[in-house]
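One structure is given below, encoded as structure tokens.
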Amino acid sequence: MDFEILSRLQFAFTIAFHYIYPPLSIGIGIILVIMEGRYLKTKDKFYENMTKFWVKVFALTFAIGVATGIVMEFEFGTNWATYSRFVGDVFGSALAAEGIFAFFLESGFLAVLVFGWDKVGPKMHFFSTLMVSLGSMFSAVWIVIANSWQQTPAGYHIVGEGANARAEITDFWELVFNPSSVDRISHVISGAWLAGAFLIISISAYYIIKNRHIRFAKSSIKIALVVALIASLFQLFTGHSSAVGVSKYQPAKLAAMEAVFDDQTNAQLYLFGWVNEDKQEVSFSIAIPGMLSYLIGFDIDTKVTGLNSFKEEDRPPVNIVFQAYHLMIAIGMALILLSLLGVYLWARGTLFKQKWLMWIFVFSVLLPQIANQVGWITAEVGRQPWIVYGLLRTSEGLSKSVEIGQVWFSLILFTLIYIGLFILFIYLLNEKIQHGPEDVDSIPSEIGHPKS
């Protein structure tokens, strides 16, 4: 295994593991705002105690997320020094904004959110919850802006030559609103809302199956289902918009996503299949004729650029991008159906009688996580061979002084540490689930809510 592949695997592993946690924090954060907002509106202590329980889960995901994210900062400087030099001016601005406008906001109010229940008034505590939730989303915004610049660079010029070349900002707001940033931000945020919502749905469904904390579980699952339905439908819209942007600004990526090898109109949309890159065909497939052209241009005569229009060395790997993209879509549609089914049965008053659905909800927590991971695989592998699209190849962004043995050692070390952190996360999360909320079902309702 050569140095480039190993360095890419190391960064992919660390960032994929880290990305388990920030979406949970973002998704739980918005639901905390809704729950505590209901407490302020109704003055029902039940909702305050409900919020307290989910704050504990939020704090756990936030802490593990911070711990797992530190490593990536060092990898930029160790394994990817040339890349860091090239994007330093761009990323420095975006990540500085993330620190000032997001991380400080989130961490500054986090202590009040977690420990301030009896130390500040209800309105101040709610304000802290709101600021932490906004901070978590702002953090994602600035990081996605930085990543989107790699996909569709804008607002820059190149200074220096060769190994000393670097991108320098000429227009900060053009950088911020680069061609892919708005679509990708909205897609990432809605994916995070889904991750948090389905974690709450999963835990609540478990309580219902075990006949524990019934009022708490029913109320939590209803709030989370509404968020899940809104987020899943929003995902469909943002995903389509993002794909249209890819067709315009990264046509080679779109061609890999749909295994289009020759330029064509009336291009078909694959539902699934297996790509044979040597034969340039898709086996075991089902496709809808003309649908790809229609979706990106609302006309079946819209031309789709094929991979053969690009030099072989400028094409991304096809099958991995194709499979990741279609798995993401399949899971996205499944989440829409689950959310719709849950809301429909809730409206009919039969949701909590469906034990089979509660079991599906318990394991549904995995679906947004898988979708988020394969979505990033689609975006990042589909960008190859460019680490900055059209400007810097991945092979050119590597450090010159790091040896392959050092990468192996650090990869093994990170794997062991991250496995340990994941075990710790699961253990602590399970402890909180088994302990459950603080007797919320025994709290009398102040506005006439039933307890079950």
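The values are calculated or read from the model by the stated rules, or taken from the named source; none is laboratory data. Because the structure is predicted, anything quoted here is derived from the model rather than measured. Note that each Cβ is placed from the backbone with ideal geometry, even for glycine, and that neighbours are counted across all protein chains shown.
Worth pointing out:
- Within the stretch 84-119, the residues that satisfy the criterion of being charged (D, E, K, R) and in a helix (DSSP H, G or I) are Arg85, Asp89, Glu98, Glu106.
- Note on the stretch 205-231: among residues that are touching a residue at least 60 places away in the same chain (Cβ under 8 Å) and among the polar types (S, T, N, Q), the one that is surrounded by the most Cβ atoms within 10 Å (Cβ to Cβ) is Ser220.
- Matching residues in the stretch 120-135 - criterion: being of a type in the set (Gly, Ala, Ser) and in a helix (DSSP H, G or I): Ser128, Ser133, Gly135
- Test result for Ile5, out of contact with any helix residue (DSSP H, G or I) (no Cβ under 9 Å at 6 or more places or on another chain) and assigned to a helix (DSSP H, G or I): yes
- Residue among Ala324, Ala347, Ala334, Ala330 that alone is more than 27 Å from the chain's Cα centre (by Cα) and in a helix (DSSP H, G or I): Ala347
- For Val55, the criteria (1) among the β-branched types (Val, Ile, Thr); (2) touching a Ser or Thr at 6+ places or on another chain (Cβ under 7 Å); (3) at pLDDT 85 or above hold in every case but one, which is (2).
- Of the residues making up the stretch 61-92, those that are among the small types (Gly, Ala, Ser), surrounded by fewer than 18 Cβ atoms within 10 Å (Cβ to Cβ) and more than 30 Å from Tyr427 (Cβ to Cβ) are Gly77, Ala81, Gly88, Gly92.
- Filtering the stretch 8-60 to residues that are of a type in the set (A, V, I, L, M), within 28 Å of Trp408 (Cβ to Cβ) and not in a loop (DSSP other than H, G, I, E, B) leaves Leu9, Ala12, Ile15, Ala16.
- Which listed residue, of Trp274, Trp376, is within 27 Å of Val260 (Cα to Cα), in a strand (DSSP E or B), in contact (Cβ under 8 Å) with a residue 40 or more places away in the chain and in contact with a helix residue (DSSP H, G or I) (Cβ under 8 Å, 6 or more places away or on another chain): Trp274
- Candidate set from the stretch 404-448 (those that are surrounded by 15 or more Cβ atoms within 10 Å (Cβ to Cβ) and at pLDDT below 80); member that is nearest to Ile5 (Cα to Cα): Val440
- Hits in the stretch 257-289 - residues which are farther than 22 Å from Ile377 by Cα, within 29 Å of the chain's Cα centre (by Cα) and surrounded by fewer than 17 Cβ atoms within 10 Å (Cβ to Cβ): Ile286, Ile288
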